[in-house]
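Everything below concerns the one structure shown next.
The values are calculated or read from the model by the stated rules, or taken from the named source; none is laboratory data. Note that the structure is a prediction, hence the values are computed from the model and not measured. Neighbour counts run over all protein chains shown; Cβ positions are idealised from the backbone, glycine included.
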Amino acid sequence: MPSMHLFTFGILALLLPNAIAAPTSNTAAYAVKERHDAPQGWTKITSPVEYQTISLQIALKQQNSDALTKIALEVSDPSHPRYGQYLSAKQLLGHGIDTAALSSTRDWINVDLPVHKVESLLNTTYFNYRYTDGSTLVRTSEWSLPVYLHGYVDLIQPTTSFFRTPKPLIHPTHEHVPMRRHQREDLLETMPNDASGSSACNIGKLCDPTETSLRCLRCLYGTMNYTAQVPERNMIGVTSYHGLAQRRSDIRQYLKKFRPEAVEVADTFPIVFTADVLDHYENLTDPTDLAEADMDAELAIGISWPTSFMAWSTGDDFIEWMVYVLAQDSLPQVISTSWGANEHTWPLATTTRLCDGYKELGVRGVSLIFASGDAGVAGVRDESCGSEFHPTFPASCPWITAVGATKGFEPEVAVSAYGSGAGFSNHFAMPKYQVDAVHGYLEGIGDMHAGMYNRSGRAYPDVAAQGARTTIVTSGIKTSNSGTSASAPIFAAVIALVNDARIAAGKPVLGFLNPWIYGAASAAFTDVEDGSSVGCDTDGFPAADGWDAVTGFGTPNFDRLIEAAFSVFET
């Protein structure tokens, strides 16, 4: 039996509570901690170079997890007297909840080791695996720990997680037109005054099915005539993975054309690079790599300005970003992410720990918005599904708000050029806040797709927004792009403005949104009743009256959301 890496786990044992008498002998009995076979599409090919370095992330079991859940539900439930009484990172620690923010050594351990040392440490063997698109990962299908450590360690990655380097949920519409030669100039002219009267908002005149402009979005969702009151006390953020980040020249060009009063923001908003991703960003050569990050910023700023804005650029790992963000004392009140992977490519322990981190952010008053996916019931990418649908994570986490995609304007319908991500989690049970709405929908569809999805799982999306032919600027070119990766920052920006109104009135921000969405705000959306979440060679789930597994409760109506935001119970 391979010997244990005494230094790493010796330190680990010292850090763990109640572990003073833990044995440290390299003869300690090992047992399998986790097994997760490579998903469809992955093939084991070769052994990695034994001195190749792996950056291990070791998650220690959190204390008082049930207490955290109780607090999260209370501060996010508009019907509870504790609604809006969010906790800081220090207050969380005061409740006995270990957080990466204040003591990463009690929550996470990161260590860089060569492959052969990791194999000895985890009593396993790593291999190079190749996906059908040619991408590769160094992974193993199972790993072990000494038995006495099983109760202290939640997960160790990278081991059994086969999600590929996250890719943005974005679909170019192949209508790239240089700014100097764009079509339909009359639809793309900027407003002379952002606070112009309601007569400036005419959906029929502003919204063109071939190019969904910023003016159209602001008119469609009712934010055009709202002026932010406390922008310096409110913030929206967006997250990019794989070292991608916004190109300021693109943001500047977009704002100069479509929101000129906001153009200075392009040169002043902070971009926070985590880990060593800056070198990757500076060496990017493919202009399509920047499209997602550009779009997130352009839409978020364009709708929510002058609300403060920031962006993160992180590496390939969702865990890395979560641990980094939990370590910050101050965070944006709304964070939008347009990245994800099919849930089955993540081990249960990994999705659970990530989702717990999102819950912790909810306790701190952060609204987390995620794109729902672009392959309907097939998840992120339309691949062979076999006998079951593929839910998407993090969209399937019950502690975030998932956003599907629509097209058209009067009325809006579910997108049809691709499937708006939708489904039911296989990892997470249906949360109480959505049981009534979802059960009503399930009764309506009866036995449709019986056996292909988990009827008792967390259902998503929760809401929707435009995700077809959205106008952006990337690499100096005006183009139209489609995807729920447009829908997420659009919805997030509307929520940021609702938060602005609440802050100005001396009220707390909305925080984790879903109990409010499925309760007091359920009628504050424009219902979408046509379309379906195509995928897996099926029509997927159909849109319907009320909540549905395509567009959730529908798209935002700013005036009604403001009304709902001020009608909740508050002491």
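Quick rundown of the values:
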| item | result |
| --- | --- |
| Among (1) assigned to a helix (DSSP H, G or I); (2) modelled with pLDDT of 95 or more; (3) farther than 11 Å from SER475 by Cα, the one test that PHE269 misses | (1) |
| Restricting region 515-524 to residues that are buried (at least 24 other Cβ atoms within 10 Å of the Cβ) and touching a residue at least 60 places away in the same chain (Cβ under 8 Å), the residue that is nearest to ASP462 (Cα to Cα) | ILE517 |
| Region 115-140 - residue that is surrounded by fewer than 19 Cβ atoms within 10 Å (Cβ to Cβ) and in a loop (DSSP other than H, G, I, E, B) and, of those, modelled with the lowest pLDDT | ASP133 |
| Residue within region 238-250 that is under 19 Å from GLY483 (Cβ atoms), assigned by TED's automatic domain parsing to the domain that holds TRP321, in a helix (DSSP H, G or I) and at pLDDT 95 or above present | yes |
| Residue count for region 273-308, restricted to those that are at pLDDT 95 or above and of a type in the set (A, V, I, L, M) | 6 |
| In region 61-77, the residues that are in contact with a strand residue (DSSP E or B) (Cβ under 6 Å, 6 or more places away or on another chain) and surrounded by 20 or more Cβ atoms within 10 Å (Cβ to Cβ) | none |
| Flag if ASP317 is at pLDDT below 95, surrounded by fewer than 24 Cβ atoms within 10 Å (Cβ to Cβ) and within 30 Å of TYR226 (Cβ to Cβ) | no |
| Filter result (basic (Lys, Arg) and in contact (Cβ under 8 Å) with a residue 60 or more places away in the chain) within region 44-75 | LYS44, LYS61 |
| Cβ pairs under 6 Å, 6+ apart, first in region 541-559 and modelled with pLDDT of 95 or more, second part of a helix (DSSP H, G or I) and surrounded by fewer than 23 Cβ atoms within 10 Å (Cβ to Cβ) | ALA544/GLY444; TRP547/ALA437; TRP547/TYR441; ASP548/TYR441 |
| Residues being touching a His at 6+ places or on another chain (Cβ under 6 Å) and assigned to a strand (DSSP E or B) - total across region 471-529 | 4 |
| Flag for TYR30 being modelled with pLDDT of 85 or more, over 28 Å from PHE162 (Cα atoms) and of a type in the set (Phe, Trp, Tyr) | no |
| Residue satisfying all of: in region 543-552; in contact with a helix residue (DSSP H, G or I) (Cβ under 7 Å, 6 or more places away or on another chain) and farther than 17 Å from ALA371 by Cβ; surrounded by the fewest Cβ atoms within 10 Å (Cβ to Cβ) among these | GLY546 |
| From the options SER387, SER396, SER338, residue that is surrounded by fewer than 24 Cβ atoms within 10 Å (Cβ to Cβ), hydroxyl-bearing (Ser, Thr, Tyr) and in contact (Cβ under 8 Å) with a residue 24 or more places away in the chain | SER387 |
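The rows are residues; the columns are (1) at pLDDT below 95; (2) among the basic types (Lys, Arg); (3) at positive phi; (4) buried (at least 24 other Cβ atoms within 10 Å of the Cβ).
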site	(1), (2), (3), (4)
PRO411	no, no, no, no
ALA417	yes, no, no, no
ASP436	no, no, no, no
ILE445	no, no, no, no
ILE477	yes, no, no, no
VAL494	no, no, no, yes
